[in-house]
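Data first, discussion second: the structure below is written as structure tokens.
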Amino acid sequence: MNSLSPFSVATPQPSTASVRGLHVITWGCQMNVYDSERMTDVLRPLGYRAVGTPEAADMIILNTCHIRDRAAEKVFSELGRLRKVKEARAERGEGTVLAVAGCVAQAEGKEILARAPYVDIVLGPQTYHRLPEMVARAARAAGAVIETDFPVEQKFDFLPADRVAPAGGSAFLTIQEGCDKFCSFCVVPYTRGAESSRPAAAVIAEARQLAAAGIAEITLLGQNVNAYHGEGPDGATWGLARLARVLADEVGIQRIRYTTSHPRDMEDDLIAAHRDLPQLMPFLHLPVQSGSDRVLAAMNRGHTADEYRTLVARLRDARPDLALSSDFIVGHPGETDADFADTMRLIGEIGFAQAYSFKYSSRPGTPAAGAGMQVPEDVKDARLQELQAVLRVQQDAFNAATVGQVVPVLFTGRGRKPGQISGKSPWLQAVNVEGPDSLIGRIATVAVGHTYTNSLGGVLTEEADRA
Ligand code: SAH
Ligand code: SF4
Ligand code: F3S
């Protein structure tokens, strides 16, 4: 760690900042959502304030994801649209700084500048604390500014202290970044860099600030969040369990979640924390990817299907109402019908409350991309359909089981229908009820009456009305 105090701001701030519009478009995972919020915080001292449309923005940031499919093509097509916005603004005499951030910027920064020369700034996920300096350089320079190295300083040490808490009572907090696991299929180790953890004191300070701003729920984020090993205030290395205990007991966070976990890093003390901490929500996203030991080995996941089964049993023993979610990849190179059958068997045995599933997508530069035995597209399609059908049945059954229960819901915003408010159950189900806006940001109990495709409906209970 460097010697600078947490939250000090790296760049000089202009004394006379006029208000300018900022529009951030965010794709990808929750870590990108967090990064977009923090980029907005970094730019606030320069006078930038969020606006709802790119047309109204003096600066547009496209925060990108590189995980699957034609990620770069999607970026270029969006950039084509933003170019028109920029040109229309120029005709009105308004300048626009166009920046591309995130994982595509990291992986394909040079190509972006070559193919989209109207882009002013390209910045990787580890350099956004340098944004004010980049904006200044872009204003001075004739050409574009590119920052895609992995700086020695931790960006977190340079972010402004005054984080603006999101509306709705729930916030993301990144505690760990990067990945050293190098799964065969995955770009993250290349786009986000080596694994690193923020010091516990910095995380606790940010959580305290969020709590003071009325945040009831914090989701701790990391590409391998349960590999967290931050420096503790006592000089010892803290794991995620210890951090969660402090956030629950000392900071007073009412709901704690964490994502994404790797089965390999599910240590005993974290399992115990699920037993001991009511604030740790009974929902865990624990991706298994495949139920075949052969495929798990080819993926370099570092565990077997049976080890996953045992882990889930231990977690359920610690917290019997724990609901599980996972990611699945079908059609990894070399995956046979028998391997896929193993995945289906595992799904049948575990029972998932929710899951994400994807066709394997070849990512340039990853080991699996060059592997033989690529699975034909139609086979992937058929497997994905079969797998999603079973996961759908499991999700419906899980949701149906909550009908008739009274559950605490954190209301995070208005519902889609007028007069409705929307929130999340402890098991991360979306819940919509008729209710007053005054409950937004608060926890109230709901008698669940029905299930819809991806949500629950019900009525606020009397206790909630008095809360
Ligand atoms: N760190 C997390 C995953 C982050 S990426 C973990 O280890 O589980 C989110 C999900 O995207 C992965 O779990 C995987 O299911 C999917 N994914 C990643 N790379 C992919 C690829 N090349 N093709 C298809 N799906 C992919
Ligand atoms: Fe990607 Fe594997 Fe790291 Fe997850 S653990 S981010 S899937 S390399
Ligand atoms: Fe995408 Fe980067 Fe997140 S590739 S999933 S935005 S870490």
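Using only Cα positions of segment 20-147, each an equal point scatterer, no hydration layer, compute I(q)/I(0) via Debye at q = 0.15, 0.16 Å⁻¹ and quote the log10 values to two decimals. One equal scatterer on each Cα of segment 20-147 leads to -0.61, -0.71. Only lysines eight or more places from K110 in sequence, or on another chain, were considered; those with a Cα closer than 19 Å are K74. With the simple spin-label model, which puts each label point 7 Å out from Cα in the Cβ direction, the A397 to M373 separation comes to 3.1 nm. Extension gain for the segment N300 to E231, taken as residue separation times 0.36 nm less the Cα-Cα distance, is 22.0 nm to one decimal. Put Y128, Y118 in order of accessible area, highest first, and with a 1.4 Å probe you get Y118, Y128. Taking θ as phi - 60° and the Karplus parameters 6.51, -1.76 and 1.60, the scalar couplings of segment 45-60 work out to x, 7, x, 7, 10, 4, 10, x, 9, x, 4, 8, 9, 7, 9, 10 Hz in sequence order, x denoting glycine and proline.
Compactness of the chain was expressed as the Cα radius of gyration divided by 2.2 N^0.38 Å, which yields 1.00. Centroid-to-centroid, using Cα positions, segment 345-423 and segment 66-131 are 30 Å apart. Averaging 1/r over every pair of different alpha carbons in segment 406-466 and inverting the result gives a Kirkwood radius of 10.9 Å. Take E37: with every protein chain present and a 1.4 Å probe, its accessible area is about 50 Å². Taken over the C-alpha atoms, segment 155-399 has Rg and Dmax values of 18.9, 55 angstrom.
Ignoring everything except DSSP H segments at least 4 long, calculate the 222 nm mean residue ellipticity for the chain; use -39,500 (n - 2.57) per segment, divide by total residues, nearest 500. Display every interim value, and only then the final one.
Working: 13 runs with 158 residues, N = 467.
Rounded to the nearest 500, it is -10500 deg cm²/dmol.
In this structure, the amide hydrogen of A101, modeled 1.01 Å from its nitrogen in the peptide plane, lies closer than 5 angstrom to those of L62, N63, T64, L123, counting only residues at least 5 positions away or on a different chain. Measuring with a 1.4 angstrom probe and ignoring ligands and nucleic acids, V51 comes out at about 50 Å² accessible.
Where both residues lie in the chain, what percent of DSSP beta bridges are antiparallel, nearest 5? The antiparallel fraction comes to roughly 35 percent.
Here the Karplus relation 6.51 cos²θ - 1.76 cosθ + 1.60, evaluated at θ = phi - 60°, turns the backbone of segment 328-333 into coupling constants of 10, 10, 9, x, 4, x Hz, with x for every Gly and Pro.
Measuring only protein heavy atoms, the 1.4 Å probe finds D342 accessible over about 50 Å². Remark on Y356: its backbone amide H falls under 5 Å from those of S326, D327, F328, a criterion applied only to residues 5 or more positions apart or on other chains, H modelled at 1.01 Å from N. Exposed loop sites, defined as trypsin sites (Lys or Arg not before Pro) outside DSSP H, G, I, E and B with at most 14 other Cβ atoms within 10 Å, are absent from the longest region of the chain, namely 93-415. Of the residues S18, S422, ranked by 1.4 Å probe accessible area with the largest first, the sequence reads S18, S422.
With each label modelled as a point 7 angstrom along the Cα→C-beta vector, the Q388-D268 pair spans 4.2 nm. Label positions at D321 and A88, each projected 7 Å from the Cα along the C-beta direction, are separated by 5.0 nm.
The values are calculated or read from the model by the stated rules, or taken from the named source; none is laboratory data. What you see is a predicted model, and the numbers here were worked out from it, not measured in a lab. Note: ideal-geometry Cβ built from the backbone for every residue, glycine included; neighbour counts use all protein chains shown. Protein only, heavy atoms only, side chains kept; ligands, DNA and RNA dropped before computing areas. Shrake-Rupley method; radii C 1.70, N 1.55, O 1.52, S 1.80 Å.
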